[in-house]
Amino acid sequence: MLKGEMGIVPALDIDSHEQLEMVVRETTKREGVAGYKLGLTSVMRFGLKESMKRLRDLTNLPVLYDHQKAGPDMPDMAKKYTALCKEADVDGLILFPVAGPTAVDGFVGEAIKAGIVPVVGGEIPVPDYGVSGGGYMLDDALDRILARAVGNEADHFVLPAHDVAKIKRWSNWIAGNVKQPVVLLTGFGALGGSIETSFAAAAACPRRFAIVGRLITGAKAPGDAAAKMYEQMQAIKAPA
(Lines give C-alpha, C1' and ligand atoms only; values in the text may rest on other atoms or scores of the structure.)
Protein backbone atom coordinates (compact mmCIF):
# COMPACT_ATOMS: atom_id res chain seq x y z
CA MET A 1 0.00 0.00 0.00
CA LEU A 2 2.62 2.58 1.06
CA LYS A 3 5.19 3.68 -1.49
CA GLY A 4 8.74 2.36 -1.12
CA GLU A 5 10.62 0.34 1.47
CA MET A 6 10.98 3.19 3.99
CA GLY A 7 9.46 6.62 4.13
CA ILE A 8 7.42 9.35 5.74
CA VAL A 9 3.66 9.45 6.27
CA PRO A 10 2.67 13.02 7.18
CA ALA A 11 -0.14 13.12 9.76
CA LEU A 12 -2.71 15.65 8.57
CA ASP A 13 -4.17 16.49 11.98
CA ILE A 14 -4.56 20.10 10.92
CA ASP A 15 -7.38 22.52 11.81
CA SER A 16 -7.20 24.62 8.65
CA HIS A 17 -7.94 23.10 5.25
CA GLU A 18 -5.73 25.78 3.66
CA GLN A 19 -2.81 24.62 5.80
CA LEU A 20 -3.57 20.96 5.00
CA GLU A 21 -3.63 21.74 1.29
CA MET A 22 -0.30 23.56 1.52
CA VAL A 23 1.33 20.67 3.40
CA VAL A 24 0.15 18.10 0.86
CA ARG A 25 1.18 20.20 -2.14
CA GLU A 26 4.62 20.76 -0.59
CA THR A 27 5.22 17.09 0.24
CA THR A 28 3.39 14.86 -2.24
CA LYS A 29 6.16 14.88 -4.87
CA ARG A 30 9.07 14.75 -2.42
CA GLU A 31 11.20 11.62 -2.40
CA GLY A 32 10.43 9.43 0.59
CA VAL A 33 6.88 10.64 1.23
CA ALA A 34 4.95 7.37 1.09
CA GLY A 35 1.37 8.34 1.96
CA TYR A 36 -0.73 10.39 4.36
CA LYS A 37 -2.61 9.89 7.61
CA LEU A 38 -5.97 11.65 7.67
CA GLY A 39 -7.39 12.40 11.12
CA LEU A 40 -10.58 13.73 12.64
CA THR A 41 -9.83 17.44 12.34
CA SER A 42 -10.73 17.51 8.64
CA VAL A 43 -13.32 14.76 8.83
CA MET A 44 -15.36 16.46 11.55
CA ARG A 45 -15.51 19.61 9.43
CA PHE A 46 -16.14 18.19 5.97
CA GLY A 47 -17.10 14.54 6.48
CA LEU A 48 -14.98 11.55 5.50
CA LYS A 49 -16.11 11.32 1.90
CA GLU A 50 -15.54 15.02 1.17
CA SER A 51 -12.20 15.01 3.00
CA MET A 52 -11.02 12.09 0.89
CA LYS A 53 -12.23 13.79 -2.29
CA ARG A 54 -10.23 16.90 -1.42
CA LEU A 55 -7.14 14.82 -0.73
CA ARG A 56 -7.52 12.85 -3.96
CA ASP A 57 -7.51 16.16 -5.83
CA LEU A 58 -4.10 16.92 -4.30
CA THR A 59 -2.25 13.58 -4.26
CA ASN A 60 -2.19 10.07 -5.69
CA LEU A 61 -0.44 8.67 -2.62
CA PRO A 62 -2.25 6.22 -0.31
CA VAL A 63 -4.32 7.61 2.56
CA LEU A 64 -4.67 5.98 5.98
CA TYR A 65 -7.68 7.08 8.00
CA ASP A 66 -7.17 7.39 11.73
CA HIS A 67 -10.51 7.64 13.56
CA GLN A 68 -8.60 8.48 16.78
CA LYS A 69 -8.39 5.38 17.14
CA ALA A 70 -11.02 3.09 15.60
CA GLY A 71 -11.49 -0.32 17.15
CA PRO A 72 -12.35 0.24 20.84
CA ASP A 73 -16.03 -0.26 20.04
CA MET A 74 -18.69 -2.92 19.93
CA PRO A 75 -17.57 -5.55 17.40
CA ASP A 76 -20.80 -5.27 15.41
CA MET A 77 -19.86 -1.67 14.56
CA ALA A 78 -16.92 -2.94 12.50
CA LYS A 79 -18.96 -3.77 9.40
CA LYS A 80 -20.77 -0.40 9.38
CA TYR A 81 -17.60 1.56 10.00
CA THR A 82 -15.62 -0.29 7.36
CA ALA A 83 -18.39 0.08 4.78
CA LEU A 84 -18.38 3.87 5.21
CA CYS A 85 -14.59 3.98 4.87
CA LYS A 86 -14.74 1.81 1.75
CA GLU A 87 -17.36 4.12 0.24
CA ALA A 88 -15.06 7.09 0.92
CA ASP A 89 -12.17 5.37 -0.93
CA VAL A 90 -9.81 5.05 2.05
CA ASP A 91 -6.73 2.86 1.44
CA GLY A 92 -5.96 1.85 5.03
CA LEU A 93 -7.40 2.11 8.53
CA ILE A 94 -5.46 2.65 11.73
CA LEU A 95 -7.13 0.36 14.26
CA PHE A 96 -6.66 0.09 18.01
CA PRO A 97 -9.03 -2.80 18.81
CA VAL A 98 -8.53 -2.66 22.57
CA ALA A 99 -12.11 -3.70 23.28
CA GLY A 100 -11.10 -7.37 23.20
CA PRO A 101 -10.47 -10.33 20.90
CA THR A 102 -13.85 -10.04 19.16
CA ALA A 103 -13.09 -6.40 18.39
CA VAL A 104 -9.81 -7.48 16.76
CA ASP A 105 -11.64 -10.13 14.77
CA GLY A 106 -14.38 -7.71 13.75
CA PHE A 107 -12.42 -4.61 12.80
CA VAL A 108 -9.40 -6.34 11.26
CA GLY A 109 -11.52 -8.97 9.58
CA GLU A 110 -14.00 -6.52 8.07
CA ALA A 111 -11.22 -4.27 6.78
CA ILE A 112 -9.59 -7.18 4.99
CA LYS A 113 -12.92 -8.31 3.52
CA ALA A 114 -13.47 -4.79 2.19
CA GLY A 115 -10.02 -4.65 0.59
CA ILE A 116 -8.80 -1.98 3.02
CA VAL A 117 -5.45 -2.45 4.77
CA PRO A 118 -5.80 -2.70 8.57
CA VAL A 119 -2.88 -0.99 10.34
CA VAL A 120 -3.10 -2.45 13.83
CA GLY A 121 -1.83 -0.95 17.07
CA GLY A 122 -2.85 -0.66 20.67
CA GLU A 123 -0.47 1.64 22.53
CA ILE A 124 0.01 5.40 22.32
CA PRO A 125 3.26 7.17 23.29
CA VAL A 126 2.22 8.68 26.61
CA PRO A 127 3.88 7.66 29.89
CA ASP A 128 0.69 6.83 31.81
CA TYR A 129 -0.94 4.61 29.17
CA GLY A 130 -0.03 1.26 30.75
CA VAL A 131 -0.68 0.06 34.29
CA SER A 132 3.01 0.25 35.19
CA GLY A 133 2.99 3.97 34.37
CA GLY A 134 -0.19 4.70 36.28
CA GLY A 135 -2.61 4.08 33.42
CA TYR A 136 -5.44 1.64 32.81
CA MET A 137 -4.24 -0.66 30.02
CA LEU A 138 -2.40 -3.91 30.74
CA ASP A 139 1.26 -3.59 29.84
CA ASP A 140 1.02 -6.57 27.48
CA ALA A 141 -2.19 -5.39 25.75
CA LEU A 142 -0.44 -4.74 22.45
CA ASP A 143 1.29 -8.14 22.56
CA ARG A 144 -2.13 -9.77 22.75
CA ILE A 145 -3.62 -7.54 20.06
CA LEU A 146 -0.73 -8.24 17.67
CA ALA A 147 -1.05 -11.99 18.08
CA ARG A 148 -4.80 -11.91 17.46
CA ALA A 149 -4.45 -9.51 14.52
CA VAL A 150 -1.86 -11.73 12.84
CA GLY A 151 -4.30 -14.61 13.23
CA ASN A 152 -6.72 -12.47 11.21
CA GLU A 153 -4.10 -11.94 8.45
CA ALA A 154 -3.00 -8.42 9.40
CA ASP A 155 0.48 -7.52 8.16
CA HIS A 156 0.63 -3.74 8.82
CA PHE A 157 1.26 -2.52 12.38
CA VAL A 158 1.71 0.80 14.17
CA LEU A 159 4.09 1.07 17.15
CA PRO A 160 4.96 3.96 19.48
CA ALA A 161 8.42 5.34 18.70
CA HIS A 162 9.52 6.40 22.18
CA ASP A 163 10.44 3.02 23.73
CA VAL A 164 13.35 1.36 21.93
CA ALA A 165 13.21 -1.88 23.92
CA LYS A 166 9.52 -2.37 23.16
CA ILE A 167 10.00 -1.55 19.48
CA LYS A 168 12.75 -4.12 19.16
CA ARG A 169 10.73 -6.80 20.97
CA TRP A 170 7.56 -6.19 18.97
CA SER A 171 9.40 -5.88 15.64
CA ASN A 172 11.30 -9.12 16.22
CA TRP A 173 8.05 -10.90 17.05
CA ILE A 174 6.30 -9.47 14.00
CA ALA A 175 9.19 -10.41 11.70
CA GLY A 176 9.11 -13.95 13.05
CA ASN A 177 5.38 -14.37 12.57
CA VAL A 178 4.43 -12.35 9.49
CA LYS A 179 5.65 -12.68 5.93
CA GLN A 180 6.68 -9.28 4.54
CA PRO A 181 5.35 -7.14 7.42
CA VAL A 182 5.09 -3.36 7.41
CA VAL A 183 5.73 -1.35 10.57
CA LEU A 184 4.73 2.27 11.09
CA LEU A 185 6.27 4.20 13.98
CA THR A 186 4.61 7.21 15.56
CA GLY A 187 5.29 9.75 18.30
CA PHE A 188 8.35 11.75 17.23
CA GLY A 189 9.75 14.98 18.60
CA ALA A 190 7.90 16.16 21.70
CA LEU A 191 6.42 12.68 22.21
CA GLY A 192 9.88 11.21 22.75
CA GLY A 193 10.70 9.25 19.61
CA SER A 194 13.55 9.80 17.17
CA ILE A 195 14.00 8.51 13.64
CA GLU A 196 17.51 7.20 14.36
CA THR A 197 16.74 5.15 17.46
CA SER A 198 13.27 3.88 16.56
CA PHE A 199 14.11 2.83 13.01
CA ALA A 200 17.25 1.03 14.16
CA ALA A 201 15.22 -0.80 16.82
CA ALA A 202 12.63 -1.88 14.22
CA ALA A 203 15.25 -3.17 11.75
CA ALA A 204 13.91 -6.76 11.93
CA CYS A 205 11.11 -5.45 9.69
CA PRO A 206 12.78 -3.98 6.58
CA ARG A 207 9.65 -2.09 5.46
CA ARG A 208 9.16 0.64 8.04
CA PHE A 209 7.67 4.09 7.92
CA ALA A 210 7.35 7.12 10.18
CA ILE A 211 4.01 8.79 10.84
CA VAL A 212 5.02 12.40 11.50
CA GLY A 213 2.76 15.26 12.50
CA ARG A 214 3.91 18.63 13.80
CA LEU A 215 7.56 18.22 12.81
CA ILE A 216 6.30 18.42 9.22
CA THR A 217 2.94 20.17 9.36
CA GLY A 218 4.30 22.89 11.66
CA ALA A 219 7.46 23.47 9.64
CA LYS A 220 7.93 26.58 7.49
CA ALA A 221 8.90 24.29 4.60
CA PRO A 222 7.05 20.96 5.11
CA GLY A 223 8.62 19.38 2.04
CA ASP A 224 12.13 20.13 3.22
CA ALA A 225 11.31 18.82 6.72
CA ALA A 226 10.02 15.54 5.26
CA ALA A 227 13.07 15.23 3.00
CA LYS A 228 15.44 15.74 5.92
CA MET A 229 13.75 12.98 7.94
CA TYR A 230 13.88 10.66 4.95
CA GLU A 231 17.61 11.31 4.62
CA GLN A 232 18.05 10.35 8.28
CA MET A 233 16.39 7.00 7.55
CA GLN A 234 18.82 6.18 4.77
CA ALA A 235 21.79 6.25 7.14
CA ILE A 236 20.28 3.94 9.75
CA LYS A 237 21.81 0.55 10.36
CA ALA A 238 20.52 -2.22 12.58
CA PRO A 239 22.04 -2.27 16.07
CA ALA A 240 24.64 -4.96 16.70
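Here are the numbers for the structure shown:
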quantity: Candidates Gly189, Gly213, Gly92: whichever shows maximal mean-square fluctuation once the chain is modelled as a Gaussian network with Cα springs under 10 Å; calculated: Gly189
quantity: For the chain, built as a Gaussian network whose Cα springs stay under 10 Å, the top-fluctuating residue of Phe46, Phe96, Phe157; calculated: Phe46
quantity: Cα-projected label distance for Glu18 with Leu138, points at 7 Å along beta-carbon direction, nm; calculated: 5.0 nm
quantity: Lys49/Asn172 FRET efficiency (R0 30 Å; Cβ-Cβ; nearest 0.05); calculated: 0.15
quantity: Candidates Val108, Val164, Val183: whichever shows maximal mean-square fluctuation once the chain is modelled as a Gaussian network with Cα springs under 10 Å; calculated: Val164
quantity: Protein-only accessible surface order, largest first, of Met74, Met233, Met137 at 1.4 Å; calculated: Met74, Met137, Met233
quantity: Rg [Å, one decimal], Dmax [Å, integer] - the chain, C-alpha atoms; calculated: 16.7, 48
quantity: Translational diffusion coefficient (Stokes-Einstein; Kirkwood radius from C-alpha pairs) of segment 110-240 at 4 °C, 1.567 mPa s, in µm²/s; calculated: 84 µm²/s
quantity: Sulfur and carbon atoms: percent of accessible area, segment 162-231 [1.4 Å]; calculated: 53 percent
quantity: Rg(Cα)/(2.2 N^0.38 Å) for segment 144-187, N = residue count; calculated: 1.07
quantity: Spin-label model distance (nm) - Leu40 vs Arg56, 7 Å beyond Cα toward Cβ; calculated: 2.5 nm
quantity: FRET efficiency estimate (nearest 0.05) - Cβ-Cβ, Glu231 to Ala200, R0 22 angstrom; calculated: 0.90
quantity: Simple Cβ-charge dipole of the chain, Lys/Arg +1 and Asp/Glu -1, about Cα centre, in debye nearest 20; calculated: 400 debye
quantity: Rounded to whole Å, sorted largest first: equivalent-ellipsoid semi-axes of segment 1-63, Cα gyration tensor; calculated: 20, 11, 10
quantity: Viscosity 1.002 mPa s, temperature 20 °C, Stokes-Einstein D of segment 168-240 from Kirkwood C-alpha radius, µm²/s; calculated: 166 µm²/s
quantity: For segment 45-109: relative contact order, % (alpha-carbon pairs under 8 angstrom, 6 or more apart); calculated: 42 percent
quantity: Cα-based Rg and Dmax for segment 2-144, where Dmax is the largest Cα-Cα distance (Å); calculated: 15.8, 45
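The values are calculated or read from the model by the stated rules, or taken from the named source; none is laboratory data. Just so we're clear, the structure is a prediction, and the values are computed from it rather than from any experiment. Glycine gets a Cβ as well: all are built from the backbone with ideal geometry, and neighbour counts include every protein chain shown. Side chains are part of the model used for accessible areas, which takes the heavy atoms of the whole protein and leaves out ligands, DNA and RNA. Shrake-Rupley method; radii C 1.70, N 1.55, O 1.52, S 1.80 Å.
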